[in-house]
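Peer 1: So that we are looking at the same thing, I have put the structure below in structure tokens.
The values are calculated or read from the model by the stated rules, or taken from the named source; none is laboratory data. Here the structure is a predicted model, which is why all the values come from computation and not from measurement. Neighbour counts run over all protein chains shown; Cβ positions are idealised from the backbone, glycine included. Areas reflect the complete protein model, heavy atoms only, side chains present, ligands, DNA and RNA absent. Shrake-Rupley method; radii C 1.70, N 1.55, O 1.52, S 1.80 Å.
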Amino acid sequence: MSGNDGRTRDNTAGPSARSARTTAATAATAATALTTLAALLLAAGCGTQAESGTVPEGWGTLKTPALTVAHPPAFEAQGDGERSKYNAAAATLSDDSGTIGMITVQLDFTDADSVEEAAIGAEAGIALGSTLGKQEEITVPGPDGDEEARRVNFAFTQKDSAAGSGAGTPGGALDPKAGTRVEGVIVAGLDADDKTYAVRIDAVEGKLGDGDLKRIIDSITVE
């Protein structure tokens, strides 16, 4: 009796143990699959975002000895004889009304010992009466890793065909009709030789999407 009982208990325990092991293995496989799926989804999500310092596909690039910055395809780069003497590089966006967007690069435009002073110097080119935001700390890619920079947002209302947009200053000029609202961003800092630089982006309100603005700023790279 005791032997038969023992065998009965063994026979009963065998399938149960195998079932438990099978269930555990199935659970482990499912967990692994879920982990793998989550990793793939995370990787796919990360893949949709451009890394700083990259040029989006189809975009152009403004190159200077100190830095580079990308511009959307609709912007046209200016040649040496076209751009202001204050600009080391520039690109413009135009429509039937004239120039409605502009990206400019200024180099060594003021003496400064810090990125804060560089930003203050760049702010001097913003038209009087503009709404000026606070300096925001950001970083841009550089030869030795991320470099400290400052971002400043501003906006103003166009006064006439030339005034109000920084004509004759390091900012360049837009020429929409009077009363048009213009929005802008300046990114300023010190280059690899500790000389000042400023990338300024002006555009008539609604003519440059937030996505393109971010891509422009993200593309800035100190050489």
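Peer 1: Just name the residue that is surrounded by the fewest Cβ atoms within 10 Å (Cβ to Cβ) out of those in region 94-138 that are within 22 Å of the chain's Cα centre (by Cα) and free of Cβ contacts under 8 Å to residues at least 24 places away in the same chain.
Peer 2: K134
Peer 1: When the residues of region 165-190 are filtered to those that are open to solvent by 40 Å² or more (accessible area, probe 1.4 Å) and not in a loop (DSSP other than H, G, I, E, B), which remaining residue is modelled with the lowest pLDDT?
Peer 2: Across region 165-190, the extreme among qualifying residues is R181.
Peer 1: Test of understanding: among A155, A162, which residue is outside any helix (DSSP H, G or I), touching an Asp or Glu at 6+ places or on another chain (Cβ under 8 Å), at pLDDT below 95 and surrounded by fewer than 20 Cβ atoms within 10 Å (Cβ to Cβ)?
Peer 2: A162
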